[in-house]
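Shown next, in structure tokens, is the structure this report addresses.
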Amino acid sequence: MRVLLIGGGHSAYFAANSIKEIDPDGKLIIIEFTSEKVEVLSKTFPFAEVVQQEIDGVESYIRSNASILDAVIAATESDSLNLRYCKAARENAIPLIIAILNNPMNKEIFLKEGVRYIINPYGIIPVELSEILGSATNIIYKIPSGSVMMASLKVENEDELRKLRRKLRGSDDVSALLVSTSGEIKSSIEEADMRGRLYLMGSEEKLKKILDSFRRRKK
Amino acid sequence: MKVSVIFPTKNREHHVKRAVRTAFKAKGVEEVIVVDGGSRDRTLEIAEREGARVIVQSDLVYPGKGVAMRDGAYLAEGDVLVYLDIDIRNMTPEFVEKLAEPIIRGEADFVKGCFERAAGRVTELVAKPLLRMFYPELARFKQPLSGEIAGLRKLFYMVEFERGWGVDVGLLIDLHKLGARIVERDIGYKDHDMKPLHALTDMAYEVAGAILRRAIRDRKTDPEWAERYLRGVRAIDLGLESGRGYA
């Protein structure tokens with residue numbers, strides 16, 4: 001796989017290391033803007049080809065290399081540049097276009113520009129806080145391509161558990177796992193008792209309905 | 001030459017419609033960009049509806065004016081970038097045109113706007129003395145901290161943006177050092193919201209920091225002296241108790 005990673009900052013550091021692990025034999029090209037950073041990056045990532053480009057030169061680099069690139073990852077420290085480069089990648093029909101956001105508030109703007117794969121490094125903060133602080137419902141993960149997600153529910157009384165059992169019984173597209181307050185794991189909702197946390201994975205559509213009805217009951 | 005107008009902003013839903021419409025009416029303006037600092041009101045929604053390109057600044061630091069200005073420059077496609085405060089109540093297309101014209105005519109690379117009012121306290125007590133000391137050639141500017149500026153887009157890509165209030169004076173020094181042709185243009189009377197008084201002390205500190213970091217970089221002073229000076233700036237009495245403040 002040939003991946004073009006744009007940016008040499010914090011996000012790009014982690015992206016470069018992940019790409020190396022995912023595809024050790026692949027070709028990674030990193031674009032940076034300053035000669036000092038290019039030198040440092042070449043030493044940090046000896047497995048990658050590090051290229052210096054001017055800010056305005058990246059779009060033409062993408063254009064010139066479009067036929068050999070499998071993926072473009074925009075991971076600069078500016079979401080404006082990330083948006084620009086994702087747009088250039090889209091215009092040049094790069095198969096995989098990934099944006100690593102600096103500010104999650106830009107997600108909608110990227111989606112409107114047709115960027116499908118958006119990584120929000122801050123997405124973990126509300127998820128973990130919800131788990132630690134014991135939020136009643138928590139969407140833990142959504143698969144980037146959509147349709148599947150994982151969520152958790154805090155079960156506090158027998159009535160809630162009974163209703164959930166009814167909803168999940170006979171449901172093929174949602175799997176459930178209950179972790180009790182003592183940390184015991186029960187793989188069947190039928191064995192579940194109160195005051196645990198129920199983890200559900202499956203169809204996004206179905207899970208959202210379950211979460212909605214659970215939230216309504218909580219009110 | 002295509003002109004891009006950039007408004008760094010936050011929670012300015014009452015100003016954004018008028019500002020964007022006015023900017024679009026100016027000669028040569030092909031795009032208006034609103035860079036938002038994390039508004040909790042309808043600023044972004046209104047900006048988009050009025051045809052502006054929008055982005056939320058990459059880092060929600062406060063003060064983050066420099067981050068917003070940098071993001072605006074990076075998103076822009078025009079040859080000339082014009083930066084304006086979004087809350088100028090008497091804004092007309094001429095504000096944009098006066099700033100962009102010297103560049104379009106090929107007489108300047110960077111234009112610093114000035115307006116009809118006495119320079120503010122941070123300007124007189126902090127910026128000007130430091131500029132006279134380290135960059136005397138820039139002391140001629142009436143309002144070196146003015147945020148109403150215009151410049152060739154490619155120039156903004158050659159300098160580092162300070163993140164906060166030091167951005168305007170930082171750009172002035174760095175573009176001067178790059179050899180850019182810089183002129184000052186009077187844009188007339190500017191009716192806008194004053195900065196809250198408490199912001200002035202922080203602003204003074206950041207402005208001093210921006211100038212001193214450059215003075216150290218350019219070997220015009222030693223870091224120890226600069227540090228002592230900055231401690232002194234923290235203690236400056238800007239007359240915050242006595243009335244309305246402005247920079």
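Here A:Gly146 passes the criteria (1) surrounded by fewer than 21 Cβ atoms within 10 Å (Cβ to Cβ); (2) within 14 Å of chain B (Cβ to nearest Cβ); (3) not charged (D, E, K, R) except the one numbered (2). May I ask you to list the residues in segment B:95-108 that are of a type in the set (Asp, Glu) and within 20 Å of B:Phe7 (Cα to Cα)? Within segment B:95-108, B:Glu97, B:Glu101 qualify.
Looking across segment B:23-52 at every residue that is modelled with pLDDT of 95 or more and at positive phi, the one that is farthest from the other protein chains (Cβ to nearest Cβ) is identified as B:Gly28. Restricting to segment B:53-72, and then to whatever is in contact with a strand residue (DSSP E or B) (Cβ under 6 Å, 6 or more places away or on another chain) and in contact (Cβ under 8 Å) with a residue 40 or more places away in the chain, can you tell me which residue is farthest from the other protein chains (Cβ to nearest Cβ)? Selected residue: B:Lys65. For A:Asn120, the criteria (1) modelled with pLDDT of 95 or more; (2) within 13 Å of the chain's Cα centre (by Cα); (3) closer than 17 Å to B:Ile55 by Cα hold in every case but one, which is (1).
Taking the listed residues B:Arg89, B:Arg12, the one that is at pLDDT below 95, more than 21 Å from B:Val207 (Cβ to Cβ), away from chain A (no Cβ under 14 Å) and touching a His at 6+ places or on another chain (Cβ under 7 Å) is B:Arg89, with no other qualifying.
For segment B:75-96, a tally of residues being surrounded by fewer than 24 Cβ atoms within 10 Å (Cβ to Cβ) and among the hydroxyl-bearing types (Ser, Thr, Tyr) returns 1.
Of all residues in segment B:200-212, those satisfying the criterion of being in contact (Cβ under 8 Å) with a residue 40 or more places away in the chain and buried (at least 18 other Cβ atoms within 10 Å of the Cβ) are B:Leu200, B:Met203, B:Ala204, B:Glu206, B:Val207, B:Ala208, B:Gly209, B:Ala210, B:Ile211, B:Leu212. Selection of segment A:95-145 for residues being over 26 Å from A:Ser80 (Cβ atoms), among the hydroxyl-bearing types (Ser, Thr, Tyr) and in contact with a strand residue (DSSP E or B) (Cβ under 6 Å, 6 or more places away or on another chain) yields A:Ser130, A:Thr137, A:Tyr141. Residues that are under 30 Å from B:Gly106 (Cα atoms), without any contact (Cβ under 8 Å) to a residue 40 or more places away in the chain and assigned to a helix (DSSP H, G or I) within segment B:1-41 comprise B:Val20, B:Arg21, B:Phe24, listed in sequence order.
For B:Val20, indicate whether it is in contact with a strand residue (DSSP E or B) (Cβ under 7 Å, 6 or more places away or on another chain) and more than 14 Å from chain A (Cβ to nearest Cβ). For B:Val20, the condition - in contact with a strand residue (DSSP E or B) (Cβ under 7 Å, 6 or more places away or on another chain) and more than 14 Å from chain A (Cβ to nearest Cβ) - is met. Selection within segment A:130-143: residues that are out of contact with any helix residue (DSSP H, G or I) (no Cβ under 9 Å at 6 or more places or on another chain) and surrounded by 12 or more Cβ atoms within 10 Å (Cβ to Cβ). The member of this set that is modelled with the highest pLDDT is A:Ser130.
Residues in segment A:5-36 that are buried (at least 18 other Cβ atoms within 10 Å of the Cβ) and either touching a helix residue (DSSP H, G or I) at 6+ places or on another chain (Cβ under 7 Å) or not hydrophobic (A, V, I, L, M, F, W, C) (or both): A:Leu5, A:Ile6, A:Gly7, A:Gly8, A:Ser11, A:Leu28, A:Ile30, A:Ile31, A:Glu32, A:Phe33. Taking the conditions (1) touching a helix residue (DSSP H, G or I) at 6+ places or on another chain (Cβ under 6 Å); (2) away from chain A (no Cβ under 14 Å); (3) surrounded by fewer than 24 Cβ atoms within 10 Å (Cβ to Cβ) in turn, B:Val3 satisfies each one other than (3). Taking (1) over 30 Å from A:Gln53 (Cβ atoms); (2) crowded, with 16+ Cβ neighbours inside 10 Å; (3) not hydrophobic (A, V, I, L, M, F, W, C) in turn, B:Asp168 satisfies each apart from (1).
Selection of segment B:166-188 for residues being at pLDDT 95 or above, hydrophobic (A, V, I, L, M, F, W, C) and part of a loop (DSSP other than H, G, I, E, B) yields B:Leu178, B:Ala180.
The values are calculated or read from the model by the stated rules, or taken from the named source; none is laboratory data. None of the values given here were measured: they were computed from a predicted structure. Here Cβ is always computed from backbone atoms with ideal geometry, including for glycine, and neighbour counts include all displayed protein chains.
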